[in-house]
Each structure stands twice: as C-alpha cells, then as structure tokens.
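See below for the structure under consideration.
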Amino acid sequence: DATLQTSCKHCNAGESTDGKGKTTCNACAAGQFKASGSDSCESCPRGRARSATDPSGECQSCQRGKHQNETGQAICLPCVPGKYGSEQGMTECEDCAQNTYTDATLQISCKNCNAGESTSGEGKTTCTACAAGKFGGTQGMMECDDCAQNTYTDATLQRSCKNCSAGESTSGPG
C-alpha cells in the first residue's frame with residue numbers, strides 16, 4: 001500500500017522529482033543529468049551533452065571532431081572546415097595552423113599544404129599556390145618565400161627557384 005511508506009525511494013539515474021513530496025520521478029530533460037546525491041536535474045557542462053533518449057542519464061563527452069561551448073545542450077556540434085577537434089570533451093574546436101587546412105566537418109587533425117602551396121593564416125579551408133617569383137619548398141612548412149636575387153620562378157606551385165642564365169640577373173629578390 002503506497003500510503004504506508006516509511007521512507008522515500010530514490011529516483012533512477014537521469015530522473016528527478018520536481019520538488020519535495022512528489023509521488024513520481026520524471027526523466028531529466030535533454031542537456032541535463034542528475035548528479036549523484038543531488039535531488040534535481042543539472043545542466044550538462046561545456047564539452048559534454050545528453051540527448052533526451054540517452055538511457056544512461058549521464059552527459060557524454062563530445063567525440064573527437066566535435067565540441068560544445070555552452071552548458072545544458074543535447075548535442076555536440078561538428079568542427080567546421082578550417083578547424084579540428086583532436087580530443088574528446090572539447091569546448092571549442094581549434095584553428096588549423098598556418099600552412100595546414102581542413103576542407104570538411106568533423107576533422108580530428110589538419111592536412112599539410114603541398115610543397116609549392118601555403119595558407120595566408122590560421123583556420124583555412126584550402127591552400128593556395130605560391131605565386132610566380134615565390135616558392136614553397138617543404139610540405140606543410142613555411143609560407144611561400146621570395147626567390148633570392150638572381151633566381152626566379154616563372155610559374156605557380158614551384159618548390160624551388162631557378163638560377164638566371166649566364167649574363168642575366170634579377171633586379172632583386174622575388
């Protein structure tokens with residue numbers, strides 16, 4: 001008989017009552033969980049999320065390639081092109097370093113630009129070819145450099161500069 005109870009029952013994981021003196025437990029809303037020893041649902045912290053259908057009742061760490069920068073969220077967000085998420089539980093995706101890029105969502109690392117290419121900064125989605133008069137010698141390293149005096153490139157995507165022919169010179173670097 002429910003009227004002769006001498007103690008209260010604890011709600012299951014992921015459930016809470018809406019206050020004292022209640023007769024039923026309710027599931028915590030999406031983005032919330034019930035901490036051990038707590039009487040009420042709490043918001044999932046940043047870097048974690050919980051869907052309404054998660055049977056564990058616990059907030060889950062965002063997977064690699066995803067992040068969540070707000071509390072109380074039901075889903076983790078994908079890292080957008082130009083950014084990556086190398087660890088679980090990230091609150092922000094990181095920008096790809098200069099001369100690296102991502103061109104898709106959900107990336108866990110960045111790709112190096114090919115030799116003869118570079119990016120103009122961090123967080124880029126593509127690499128661009130080194131212009132004529134410049135070169136990029138090593139994959140993923142350094143930006144495009146000017147050719148030294150008396151050397152040149154006459155095309156894009158060059159890995160090295162050519163020497164001027166005998167009796168010819170350049171007016172300066174680049």
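One table, with the values for the structure above:
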| item | result |
| --- | --- |
| Set 7, 38: member being assigned to a loop (DSSP other than H, G, I, E, B), out of contact with any helix residue (DSSP H, G or I) (no Cβ under 7 Å at 6 or more places or on another chain), open to solvent by less than 30 Å² (accessible area, probe 1.4 Å) and modelled with pLDDT under 95 | 38 |
| Considering residues of the stretch 135-144 that are part of a loop (DSSP other than H, G, I, E, B) and open to solvent by 50 Å² or more (accessible area, probe 1.4 Å) only, the residue modelled with the highest pLDDT | 143 |
| The listed residue being in contact with a strand residue (DSSP E or B) (Cβ under 7 Å, 6 or more places away or on another chain), more than 25 Å from residue 163 (Cα to Cα) and crowded, with 19+ Cβ neighbours inside 10 Å, out of 147, 93, 130 | 93 |
| Single match in 148, 129 (criterion: at pLDDT below 90 and in contact with a Leu (Cβ under 8 Å, 6 or more places away or on another chain)) | 129 |
| Test for residue 73: is it within 18 Å of residue 46 (Cα to Cα) and open to solvent by 50 Å² or more (accessible area, probe 1.4 Å) | yes |
| Pairs where the first residue, in the stretch 26-39, is under 18 Å from residue 61 (Cα atoms) and the second is in a loop (DSSP other than H, G, I, E, B) and among the charged types (D, E, K, R), C-beta under 7 Å, 6+ apart | 30/50; 31/50; 32/50; 33/50; 33/58 |
| Contacts under 6 angstrom Cβ, first residue in the stretch 107-129 being within 19 Å of residue 90 (Cβ to Cβ) and among the hydrophobic types (A, V, I, L, M, F, W, C), partner part of a loop (DSSP other than H, G, I, E, B) and open to solvent by 70 Å² or more (accessible area, probe 1.4 Å), 6 or more apart | 108/64 |
| Failed item, numbered, when residue 33 is tested on (1) modelled with pLDDT of 90 or more; (2) not in a loop (DSSP other than H, G, I, E, B) | (1) |
| Only listed residue being of a type outside the set (A, V, I, L, M), buried (at least 23 other Cβ atoms within 10 Å of the Cβ) and touching a residue at least 12 places away in the same chain (Cβ under 8 Å), chosen from 98, 63, 68, 88 | 68 |
| Qualifying residues in the stretch 41-60 (those that are of a type in the set (Gly, Ala, Ser) and on the phi < 0 side of the Ramachandran plot) - the one surrounded by the fewest Cβ atoms within 10 Å (Cβ to Cβ) | 56 |
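The values are calculated or read from the model by the stated rules, or taken from the named source; none is laboratory data. Keep in mind that what you see is a predicted model, and the values were worked out from it rather than measured. Glycine also receives a Cβ, built like all others from the backbone with ideal geometry; neighbour counts cover every protein chain displayed. For accessibility, only protein heavy atoms count, side chains too; no ligands or nucleic acids. Shrake-Rupley method; radii C 1.70, N 1.55, O 1.52, S 1.80 Å.
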